[in-house]
1. Lys and Arg at +1, Asp and Glu at -1: add these up for the other residues within a Cβ distance under 13 Å of R80 and post the number.
2. Non-local amide H neighbours of Y251 (under 5 Å, H modeled in plane, Pro and chain starts lacking H): which ones?
3. What do you get for the angle between helix 292-310 and the principal long axis of the chain? Use alpha-carbon atoms, 0 to 90 degrees, nearest ten.
4. Packing-wise, with mean Cβ within 10 Å as the measure, how do 320-327, 104-111 rank, highest first?
5. Find the Rg to Rh ratio for the chain, where Rh is the Kirkwood radius over alpha-carbon pairs and Rg uses the same atoms.
6. Under 16 Å between alpha carbons, and skipping anything fewer than 8 positions from K245 in its own chain: which lysines qualify?
7. If we count other beta carbons within 10 Å of each Cβ, what is the order of I101, I55, fewest first?
8. Based solely on its DSSP helices, what 222 nm [θ] is calculated for the chain when runs of n ≥ 4 H residues each add -39,500 (n - 2.57) and the sum is averaged over all residues, nearest 500 deg cm²/dmol?
Amino acid sequence: MSSKKSVAHTKPRIAMLTSGGDAPGLNAVVRAAVVTGESLGYEMLGIEDGFEGLIGTPRFRILTTTDVRGLLPLGGTVLRTTNKGHFNGPRKEHDPDCPYIAARDNIAAMGLAGLITIGGEGTQTIALELSRLGAPVIGVPKTIDNDLAGTDRTFGFDTALQVATEAIDRLHTTAASHNRVMVLEVMGRHVGWIALHSGIAGGADAILIPEIPFDINKIAEHITKLDQHGQTSSIIVTAEGAFSKGGKPLYGSDGRLGGVGQMVADQVQSLTGKDARCVVLGHIQRGGSPTPYDRILSTRFGAAAVRALHEGITGEMVALSAQDITTVPMIEAVSHLKTIRPHSDLVRTCKGMGVVFGD
Ligand code: F6P
């Protein structure tokens, strides 16, 4: 893709940026927005490195239908992304170097009819602030965590679920070969959607999620009971943000969420006497090509974002509501995280099938 700069422009312009942790489907959103925008007579711009590309001299490239050919199955983001950067934290009033004001002024100077902010809860929080400063923004909900409120689903989640489920399928055979307990730690920040869904899809014996603090003794008792009934290996899936009853989420020395998987493996091994190992799936859940579901959802989101701007809607986020794509006020998306309800049918179904959560 060539990095071309525009000089004079006659067509109205819509720009887009990708921000926060990457997720499979980002490029599919870019592709759909560019093709839809071009069909509606817009010049489409891609801002580089997330919101950072709106600081100082704007860094962007013109994107045409030709430029985005081949992006549908491509993981990551061709525009690159930034996690936080200058926008780490709320806007400081009267800050002469306020990045939000700088970005808002650059949006105006670029003559943008709209800015599409593709990202998770952190991204849309920044976008909401820009909207409050008068910038025309529309959000697209992205995260493998699926923790954005206001939408039934975020793109990236289905692909992470696929990766985690395949990992569990693989762990079953090695666990059974060694009569072991295998613990898989998956991403999700402070919600358990990846752990819960992959635990169900992969047939885990125990699922640990932040929404249900766990008692490790109950997990150990369950594994011992399985052992006594002839199931000599078992699978535990834990969200990285899961924590013991009365405890708090674990963070590594680098300050990043994680470590609960190894803690659970060590404690289960000590309590049951069974060999236990931990696998941390990490960024493999974020990489690679999006699933067909995510490609379709990303395409729908990207096209809907352009149509919304074309219809004069700003300050909102496109969202999946049952079968339909709609828009919701950004404040609805960022005011709280979408968490698992402990008494939901998903959890009840698991418990009815003998899966334990440690509560
Ligand atoms: O929010 C997506 C996510 O992958 C989380 O699940 C994870 O905790 C975090 O990003 C990791 O962030 P980073 O890529 O900065 O390590």
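1. It works out to a net charge of -2.
2. G258
3. 30 degrees
4. 104-111, 320-327
5. Radius of gyration relative to Kirkwood radius: 1.04.
6. Reachable lysines: K218.
7. Result, fewest neighbours first: I101, I55.
8. Calculated at 222 nm, the ellipticity per residue is -11000 deg cm²/dmol.
Every read-out reported here was derived from the displayed coordinates using simple, explicitly stated rules and does not represent laboratory data. Note that the coordinates shown come from a computational prediction; the quantities given were computed from them, not determined experimentally. Because the Cβ atoms are built from the backbone with ideal geometry, glycine has one as well, and the counts that use them run over all protein chains shown.
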